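So the structure is just underneath, and the comments pick up after that.
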Amino acid sequence: MCAAVGISFATLKTYAADDTPLVDDKYSLKADREALEALRKNIPKEVKKENDEKAFMDQMMSDLSKPPSEVRNNFQSILNKKREAFSKDMTKKREDFSKTQNKEREEFSKDATKKREAFAKEKHSSSERTEFFDNLESKRKDFYEGQREKRDAFEEEMRDKRKNFDDYARAKTDEFNQLHRDYTKRYDEHKKELADLKKQAELKKKNMEKDLDKEYEEINKKPAVPLGE
């Protein structure tokens, strides 16, 4: 039809001679796609995440050709990979935190050693020495107390992250189980429908074969007619 009127989508003009769009960009298909993407960008991160997860669940159970056990194994495999990735990240965070604290202790010890060595090079009274070492000890206690507080806060944060992930995994498993029960029901119904269709097809084929056999039987009952008569 396009060829009949001398127009094709490849040659269809969308701009006037002065390069002015014949159709405003907001009406173009490209603009529509960009608008949809813009709308998605405006969706809150948490809502977008929930939508993506729902789409993931729906996609996982959209193909009724997969046995329920395969769908469950697939879900468990994905969840296990997420759990392994989470544990790996947690281990990395703990290693990085420990490295940071070790470095801080080394720097503190080096600084304290330099101060003691510098102090020892000069003459000081007994009271000055007492004050100096008491001050060093006080700073040492404050430093290690600060490190313990940081460690406690870090461990509490790690426990919260672990709990949040476990709660999330448990909630998603509950959600999956609910959807999986519905999927299993639909799968069994679909499987039964296919089995019924197969039986109907086999019965139809069998009946057709019977009809053909009956026709051949009727033909064979008729006396043979010599050729040429």
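The values are calculated or read from the model by the stated rules, or taken from the named source; none is laboratory data. Only a predicted model underlies this, so the values are computations on that prediction, with no experimental measurement involved. Every residue, glycine as well, gets a Cβ built from its backbone with ideal geometry; the counts of neighbours run over all protein chains shown.
List of remarks:
- Criterion (at pLDDT below 95, over 30 Å from Ser69 (Cα atoms) and among the small types (Gly, Ala, Ser)) met by exactly one of Ser109, Ser98, Ser126: Ser126
- Residues in the range 149-180 that are surrounded by 11 or more Cβ atoms within 10 Å (Cβ to Cβ) and among the basic types (Lys, Arg): Lys150, Arg151, Lys161, Arg162, Lys172.
Yes/no matrix, rows are residues, columns are (1) outside any helix (DSSP H, G or I); (2) in the same structural domain as Asp166 (by TED's automatic domain parsing); (3) at pLDDT 90 or above; (4) within 14 Å of Lys172 (Cβ to Cβ):
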site	(1), (2), (3), (4)
Lys41	no, no, no, no
Glu46	no, no, no, no
Lys49	no, no, no, yes
Ser62	yes, no, no, no
Val71	no, yes, yes, no
Gln76	no, yes, yes, yes
Asn80	no, yes, yes, yes
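- Scanning the range 165-193 for residues that are among the aliphatic types (A, V, I, L, M) and over 16 Å from Gln59 (Cα atoms) turns up Ala169, Ala171.
- Taken over the range 106-158, the criterion of being farther than 30 Å from Met90 by Cβ, among the polar types (S, T, N, Q) and part of a helix (DSSP H, G or I) is satisfied by Thr113, Ser126, Ser127, Thr130, Asn135, Ser138.
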